[in-house]
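Here the structure comes first, spelled out in structure tokens, and everything after it is commentary.
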């Protein structure tokens, strides 16, 4: 899994 | 953003507001587990540190600020303002049995071994079990105020709606986050027993009382 830049969900 | 995630966030916000209103209106935090509220404050604090590093949207930032604000306001109510009504004798769940495994797991299973990402992972794992002290307290007292059951219903519903959000995002965006999904499943499964009691009792106008 690539560590996406930050998480967009609360 | 999709309808499941938006209704999930609103359900979560409703739960947080219901709890604050219950304590404020009745001027009592009887039946509320302060330990669960501490865990929720830790969840929000460790998850939303990215408030300081990245801006995603006004909605994202404002909801995070509201969640953190309400979480600490609730702690202030339970442990300071309405401390006299806090039922510590029944709020005895050993939270260290949650913090240690969750803390260890967040170091072992994460997407990226960076401080922010490990804290995010810790908050996801912790949130999935943070309600246990509250459910344990209800099983010890054998009952819960109806307003408290509404709080728990919306709190449980929010992550159930997130499960549909992740199905939606997988299908339409090819996005999925295994850590959030597995933890979200565990979290929702922990509410199943309560959901059954809520639907079969509270929605029929009865009081929620467990067989003592």
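The values are calculated or read from the model by the stated rules, or taken from the named source; none is laboratory data. If you're wondering where the values come from, they're calculated on a predicted model, not measured in any experiment. Cβ sites come from the backbone with ideal geometry, for glycine too, and all protein chains shown count toward neighbours.
Assorted remarks:
- Among the residues of region B:100-142, the ones that are more than 13 Å from the chain's Cα centre (by Cα), in contact (Cβ under 8 Å) with a residue 60 or more places away in the chain and part of a helix (DSSP H, G or I) come to 9 in all.
- Screening B:44, B:55, B:40, B:82 for residues that are modelled with pLDDT under 95 and in contact with a helix residue (DSSP H, G or I) (Cβ under 7 Å, 6 or more places away or on another chain) leaves exactly one candidate, B:55.
Results for (1) within 11 Å of another protein chain (Cβ to nearest Cβ); (2) over 15 Å from residue B:126 (Cα atoms); (3) without any contact (Cβ under 8 Å) to a residue 40 or more places away in the chain; (4) surrounded by 12 or more Cβ atoms within 10 Å (Cβ to Cβ), shown as yes or no for each residue.
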residue	(1), (2), (3), (4)
B:55	yes, yes, yes, no
B:64	yes, yes, yes, yes
B:74	no, yes, no, yes
B:91	no, yes, no, yes
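- Within region B:76-89, being crowded, with 16+ Cβ neighbours inside 10 Å and assigned to a helix (DSSP H, G or I) holds for B:77, B:78, B:85.
Yes/no matrix, rows are residues, columns are (1) under 29 Å from residue B:122 (Cβ atoms); (2) modelled with pLDDT under 95; (3) surrounded by fewer than 15 Cβ atoms within 10 Å (Cβ to Cβ):
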position: B:170; (1), (2), (3): yes, no, yes
position: B:178; (1), (2), (3): yes, no, yes
position: B:183; (1), (2), (3): yes, no, no
position: B:188; (1), (2), (3): yes, no, no
position: B:194; (1), (2), (3): yes, no, no
position: B:199; (1), (2), (3): no, no, yes
position: B:212; (1), (2), (3): no, yes, yes
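- Set B:122, B:97: member being within 14 Å of another protein chain (Cβ to nearest Cβ), modelled with pLDDT of 95 or more and either crowded, with 18+ Cβ neighbours inside 10 Å or over 19 Å from residue A:9 (Cα atoms) (or both): B:122
- Filter result for residue B:68 (closer than 23 Å to residue B:1 by Cα, within 14 Å of chain A (Cβ to nearest Cβ) and within 18 Å of the chain's Cα centre (by Cα)): yes
- Residue list for region B:143-200, restricted to those being within 14 Å of chain A (Cβ to nearest Cβ) and not in a helix (DSSP H, G or I): B:174, B:175, B:176, B:177
- Positions within region B:16-32 being part of a helix (DSSP H, G or I) and surrounded by 20 or more Cβ atoms within 10 Å (Cβ to Cβ), in sequence order: B:16, B:19, B:22, B:23
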